[in-house]
Amino acid sequence: MKSESTYKAARIVAESVETIFSNHLEKAIQLGEKNLASVPTASTIESFIDVGFWTSLRHEEGRSPRISLAYLKPEQAGTPIIFAQPIPFTPKTLTKLSPGYERAGIHLGLWHDADNALYVWGATLTLPNCCFVLDISEAGQVVIKHRRIDGFGKFSNIAVLAGDEIKIVDEQNSTNGSCPKIISSLLDFASVTSRNDTVNVTLQLAVSMRAHKRGGTLLIVPSQTKEWRESISHPLHYAIKPAFSGLADLIKKNEIDNSIPNWQALLAKEVDIIGGLTAIDGATIINDEYKLLAFGEKIVQRVGQPIIEKVIETEPIKENTANVVFPSKTGGTRHLSAAQFVQDQNNAIALVASQDGRFTVFAWSPKDQMVQAHRIDSLLL
């Protein structure tokens, strides 16, 4: 029989998460989607969180476990690895398995035995639509997410639990007219992020930026104008001429022929070329066609424009309210310069990653006539 969870947050959040998944499944059925996963009960979700959390605090050969757990039957897992004997679903066994299954895209599969107790049946690369996934991302933190409907790339996050802090994603945040498309796409579980979707490419850039853990700034500027140069120190130290179009060319080729072999792998390589450059001190600059213009450049205040004094800080988390704050409250020098850039260049957006994992999207809000600082690290985990 299932023992009572000892991680209090698991019990607090379980029913809310079950409701979210039930609503998603209902919507997916209405959309006529197939190959849908089963919705876990609140009790099952509580068990996932409880075991996952205590697993995250253990160590195997001096390292914290990093592992992904998925709730599905083996029959829905494509061509999985199936263990000859069921593995007990405990922190001890998960910690032992974690070194072999910690790489991105691999999930340990869980289902119920005859006594309705969860067990680990094997591992898989393939998940059904809307499948419940719990990632043990770092010590003391677990992330609940699901696979997008026929999606490619980033899974949709539902909740983040770190110690006694609970963050449930507010999907309705995407209805805000000032919300940039990159955030709307992250929040919309039914968004079919097709392989030539430029919003999805921006998401992959954000994930790549965050992955190197050095911090960085990516400026996305309009391709029809060179006004962005007025907000960059001259002479440019690392300008690219002609603009590097590896990523842009790949996207265009896929729009013409969406059957390019290994397209996802090719895209990942091109994304990492640009994402890697953001680790260099200074801003990396691309245009809205995804052509690389420069990297390692210093942002300066545009001549004739005022110093930015306030921004609207938001986070797409339930019960979170937008607040007008001093730009310095959003982060360090990197955040302040990005906010200034967007105030001076209203048609641009700035993606800023901190070394500690914080990730902020700066965008101009025509409605509020102010820069909005959207903190989205809880969506990128």
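The values are calculated or read from the model by the stated rules, or taken from the named source; none is laboratory data. Quantities reported herein were computed from a predicted structural model and do not represent experimental measurements. When we count neighbours, we look across all protein chains shown, and the Cβ atoms used for this are built from the backbone with ideal geometry, even at glycine. Areas reflect the complete protein model, heavy atoms only, side chains present, ligands, DNA and RNA absent. Shrake-Rupley method; radii C 1.70, N 1.55, O 1.52, S 1.80 Å.
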| note | Selection over the range 229-248 where residues are open to solvent by less than 70 Å² (accessible area, probe 1.4 Å), of a type outside the set (S, T, N, Q) and under 30 Å from the mean Cα position of the chain (by Cα) yields a count of 7
| task | State the number of residues belonging to the range 295-344 that are among the hydrophobic types (A, V, I, L, M, F, W, C), touching a Lys or Arg at 6+ places or on another chain (Cβ under 7 Å) and farther than 18 Å from ASP368 by Cα. | result | 1
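Name the residues in the range 26-68 that are in a helix (DSSP H, G or I) and open to solvent by 40 Å² or more (accessible area, probe 1.4 Å), would you? Spell out how you get there, then give the answer.
Of the range 26-68, the ones in a helix (DSSP H, G or I) are 26-30, 42-56.
Those that are in a helix (DSSP H, G or I) and open to solvent by 40 Å² or more (accessible area, probe 1.4 Å): GLU26, LYS27, ILE29, GLN30, SER43, TRP54.
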| Name the pairs whose Cβ atoms lie under 8 Å apart, with the first residue in the range 78-107 and of a type in the set (S, T, N, Q), the second outside any strand (DSSP E or B) and modelled with pLDDT of 95 or more, and 6 or more positions between them or separate chains? | THR90/VAL51; THR95/THR55; SER98/THR55
| Looking at this structure, is GLU75 more than 21 Å from SER378 (Cβ to Cβ) and in a helix (DSSP H, G or I)? | yes
| query | What are the residue pairs meeting all of these: first residue in the range 308-325, first residue within 15 Å of LYS367 (Cβ to Cβ), second residue of a type in the set (Phe, Trp, Tyr) and surrounded by 16 or more Cβ atoms within 10 Å (Cβ to Cβ), Cβ atoms under 8 Å, and 6 or more apart or on different chains? | reply | VAL311/PHE362
| task | Kindly indicate whether GLU33 is of a type outside the set (Val, Ile, Thr), in the same structural domain as TRP121 (by the TED database) and either touching a helix residue (DSSP H, G or I) at 6+ places or on another chain (Cβ under 7 Å) or free of Cβ contacts under 8 Å to residues at least 40 places away in the same chain (or both). | result | no
| query | Where in the range 94-196 are there strands (runs of 3 or more DSSP E), lying wholly inside it, with at least 1 residues that are at pLDDT below 90? | reply | 132-138, 141-146, 156-162
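So for the range 86-93 (the condition being open to solvent by less than 40 Å² (accessible area, probe 1.4 Å), assigned by the TED database to the domain that holds ALA14 and part of a loop (DSSP other than H, G, I, E, B)), does at least one residue qualify?
Yes - at least one qualifying residue is present in the range 86-93.
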| field | Members of the range 202-228 that are charged (D, E, K, R) and surrounded by fewer than 16 Cβ atoms within 10 Å (Cβ to Cβ) | value | LYS213, ARG214, LYS226, GLU227
| remark: Of all strands (runs of 3 or more DSSP E) fully inside the range 286-381, the set with 3 or more residues that are surrounded by fewer than 20 Cβ atoms within 10 Å (Cβ to Cβ) is 323-325
